[in-house]
Amino acid sequence: GHSHHMGMNMDMSGGNNSTMPPHHHPTTSSDHSHDHMMMMPMTFYFGFKNVELLFSGLVINTAGEMAGAFVAVFLLAMFYEGLKIAREGLLRKSQVSIRYNSMPVPGPNGTILMETHKTVGQQMLSFPHLLQTVLHIIQVVISYFLMLIFMTYNGYLCIAVAAGAGTGYFLFSWKKAVVVDITEHCH
Amino acid sequence: MAMHFIFSDEVVLLFDFWSVHSPTGMALSVLVILLLAVLYESIKVGKARLLHRALMNLSIPTSQQLIEEADQDSSSSDTLPVSRSPLRWFLCHFGQSLLHVAQVVVGYFMMLAVMSYNTWIFFGVVLGSGVGYYLAYPLLSMT
């Protein structure tokens with residue numbers, strides 16, 4: 001089956017936030033040197049003020065902006081699931097093509113035998129393989145984005161990721177379950 | 001935020017209330033994280049098994065039947081003969097989706113736990129993944 005890419009996304013580079021995220025623990029010290037400890041939230045919170053999202057300049061400040069961000073993240077997570085399943089389908093289709101190469105080979109007693117090589121799969125420069133590679137890059141980028149979004153520890157955005165993934169899985173896997181049965185049977 | 005692994009008995013994990021200050025608390029937290037990792041591996045196996053059961057619920061036609069059907073009605077090529085038990089198939093698929101949500105959430109929780117850079121917690125995740133894999137994956141071929 002398709003395993004979630006979670007296990008591979010372990011390279012963390014240090015977060016470099018310059019804005020203070022919402023944090024409901026009161027900071028007793030007004031000393032600037034303590035700001036560095038609270039730059040990135042390390043526990044889940046619900047809030048929509050001053051939420052920085054992935055890119056500098058992309059900051060959520062109102063409920064309306066959070067709603068928009070929720071929808072965008074939801075759709076991104078849905079798209080990610082769809083992309084995974086689309087790639088599986090494409091891979092399955094392109095692996096149906098089987099190439100037979102026959103070549104004469106000297107056999108015992110001076111006879112000539114035909115040795116047949118069967119190759120299943122894609123050539124390096126074939127369109128399906130190049131397409132898979134491009135889709136893979138897109139998939140890796142989106143999976144890292146989703147991880148970084150979850151890393152904001154913002155409750156609304158995390159729920160958007162989980163709900164989008166679940167909905168995407170439900171919708172796209174529905175079709176896949178149908179397709180898998182037909183193709184598995186035929187081969 | 002420390003950006004290197006440290007051994008420490010103090011950590012705040014995921015939620016504000018999950019604050020650890022003592023060796024006992026740390027041992028308990030490592031155990032919880034370990035069980036979370038075991039759960040993660042089990043969910044993956046559970047999804048695969050549900051998928052298998054969903055496929056079993058579909059009426060799987062023989063190639064002869066497929067050819068006959070293709071001759072008869074060429075209009076509905078996209079619909080599948082879900083004639084045996086559509087409700088059970090739907091429930092299996094819905095169950096898989098719920099498991100998928102759980103898998104995504106637990107997976108991210110484990111990532112965030114590792115991000116605490118606490119070495120004990122990290123060991124808990126790694127050991128839990130190993131134990132979970134060991135216990136759950138044999139169940140994959142046991143249908």
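Worth a mention:
- Heavy-atom accessible surface that A and B bury in contact, both chains counted, 1.4 Å, Å² to 100: 3400
- Theoretical FRET efficiency, 1/(1+(r/R0)^6), r = Cβ-Cβ of B:THR119 and B:TRP18, R0 25 Å, to 0.05: 0.90
- Based on Cα contacts under 8 Å between residues 6+ apart, region A:98-162 shows a relative contact order of 20 percent.
- Heavy-atom accessible area, 1.4 Å probe, ligands and nucleic acids excluded: residues of region B:111-138 down by at least 50 Å² from chain alone: B:MET111, B:LEU112, B:MET115
- Computed from the Cβ-Cβ distance with R0 of 41 Å, the FRET efficiency linking B:SER8 to A:ILE159 stands at 0.85.
- Simple spin-label estimate for A:ALA72 and B:PHE94 gives 3.4 nm between the two label positions (7 Å along the Cα-to-Cβ direction from each Cα).
- Peptides ranked, highest mean first, by Cβ atoms within 10 Å: ranges A:81-89, B:97-105: B:97-105, A:81-89
The values are calculated or read from the model by the stated rules, or taken from the named source; none is laboratory data. The structure presented is a predicted model; accordingly, all values stated were derived computationally and were not measured. Neighbour counts are summed over all protein chains in view; Cβ atoms, including those assigned to glycine, are modelled from backbone coordinates with ideal geometry. Surface areas here come from the heavy atoms of the whole protein model, side chains and all, with no ligands, DNA or RNA. Shrake-Rupley method; radii C 1.70, N 1.55, O 1.52, S 1.80 Å.
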